[in-house]
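The values are calculated or read from the model by the stated rules, or taken from the named source; none is laboratory data. Every value quoted in this text rests on a predicted model; they were computed, and no experiment measured them. Using ideal geometry, Cβ is built from the backbone for each residue, glycine included, and neighbour counts are taken over all protein chains shown.
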Ligand code: ARG
């Protein structure tokens, strides 16, 4: 075994087949020590027994971090505030969690004296880019190891064989039909039968939403309260960011809200078919926009909407920690100061319907816009000159 100059590696570890094999492979290939690190971002996987499992596979140590509140508060909420939607439909559940996971990965690596970090993302996806751009931004001194781009294991069968050879403890592993990434914001599915973009997903694939057809015939109403663009309550009850998102996931999931099926452009240049379930996030985006409609100045809203696709692209491509992102986030924060109030919505068979919005700092004026007699603040005669000047350039162009 060659000395590859790495003494201690911090590995992002889930206890599944891939990262278990990676753990062992690092020890064999680098002759180094391994510290396992697991981030809880709401993937709802059993974390009990994970440290024992990591140690049985050869890890020196295993650190588990509960990042659910930070994820909702510092990543999901800012994305909602900035209307971050990639290619028109993807709410970025995976892309938002990656920089957070990598940020704590760096912290664990430093705290445990590691000189390298390793992850189990493949060489074809966005996730490797998101992890590694974050490592570069926050800890350029750490060596990055991406086994999927290095080793000669090519398939699940190869991994199983490797696990058997080194007696790595793995549970009875049924072949996984999809590549799934789950967190508090969403569940994403890729691969397997989904690789045919004409083929509809099987209904039993979905984990957090029912199909709209199977949703209750009774609609359900709810009220979401916001302060400065941040969701703070549901039906008058204050909830922490993670609790609020979890609560909305449950309620909206029952009504089949938040499914998306798309073919997206990965940063690395491939087109890929993805299916997503984002029930709570879908409700938050809709509610937030409805509140903005009465609380944002027209030009502020339009400006934010112009750069929102770019904001989404930065998130998707992994540039959460970048100077251009800092600039954009400052602009978004500034736009949100007045976004305070309540939104009333209805969940019904896959749809989110806005029923009402109100705000103590509303910019909407019933008095000004009314079809009835107003108090004289708006003089309709002014519209004559306004339109005449707007039309100057247009007159005399004939039918051209
Ligand atoms: N295509 C989505 C994205 O790039 C989801 C990726 C999910 N990752 C995974 N390992 N299955 O954000």
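Looking at 281, 274, 256, which is the one that is under 26 Å from residue 359 (Cβ atoms), touching a residue at least 24 places away in the same chain (Cβ under 8 Å) and either part of a loop (DSSP other than H, G, I, E, B) or within 16 Å of the ligand (Cβ to nearest atom) (or both)? Every option except 281 fails the conditions. For the stretch 373-396, filtering for residues that are modelled with pLDDT of 85 or more and in a loop (DSSP other than H, G, I, E, B) leaves 5. The residue that is modelled with the lowest pLDDT, counting only those in the stretch 172-199 that are farther than 30 Å from residue 244 by Cβ and within 14 Å of the ligand (Cβ to nearest atom), is 176.
From 192, 225, which residue is on the phi > 0 side of the Ramachandran plot and surrounded by 15 or more Cβ atoms within 10 Å (Cβ to Cβ)? Being on the phi > 0 side of the Ramachandran plot and surrounded by 15 or more Cβ atoms within 10 Å (Cβ to Cβ) holds for just one of 192, 225, which is 192.
The condition of being away from the ligand (no atom under 15 Å from the Cβ) and either surrounded by 15 or more Cβ atoms within 10 Å (Cβ to Cβ) or in a helix (DSSP H, G or I) (or both) holds for only one of 286, 312, that being 286. Here 84, 79 are screened, and the one residue that is within 13 Å of the ligand (Cβ to nearest atom), more than 17 Å from residue 13 (Cα to Cα), part of a helix (DSSP H, G or I) and in contact with a helix residue (DSSP H, G or I) (Cβ under 9 Å, 6 or more places away or on another chain) is 79.
Please find, within the stretch 104-128, the residue that is surrounded by the most Cβ atoms within 10 Å (Cβ to Cβ) out of those that are in contact (Cβ under 8 Å) with a residue 60 or more places away in the chain and in a helix (DSSP H, G or I). Selected residue: 105.
Can you find even one residue in the stretch 320-332 that is within 16 Å of the ligand (Cβ to nearest atom), outside any strand (DSSP E or B) and over 20 Å from residue 215 (Cα atoms)? Checking the stretch 320-332: at least one residue is within 16 Å of the ligand (Cβ to nearest atom), outside any strand (DSSP E or B) and over 20 Å from residue 215 (Cα atoms).
Residues that are farther than 17 Å from residue 88 by Cβ and surrounded by fewer than 21 Cβ atoms within 10 Å (Cβ to Cβ) within the stretch 291-309 comprise 293, 294, 297, 298, 299, 300, 301, 302, 303, listed in sequence order.
For the condition within 16 Å of the ligand (Cβ to nearest atom) and either surrounded by fewer than 24 Cβ atoms within 10 Å (Cβ to Cβ) or at pLDDT 95 or above (or both), residue 67 does not qualify. Of all the numbered requirements in (1) more than 15 Å from the ligand (Cβ to nearest atom); (2) modelled with pLDDT under 95; (3) under 24 Å from the mean Cα position of the chain (by Cα), residue 202 misses one, and that requirement is (2).
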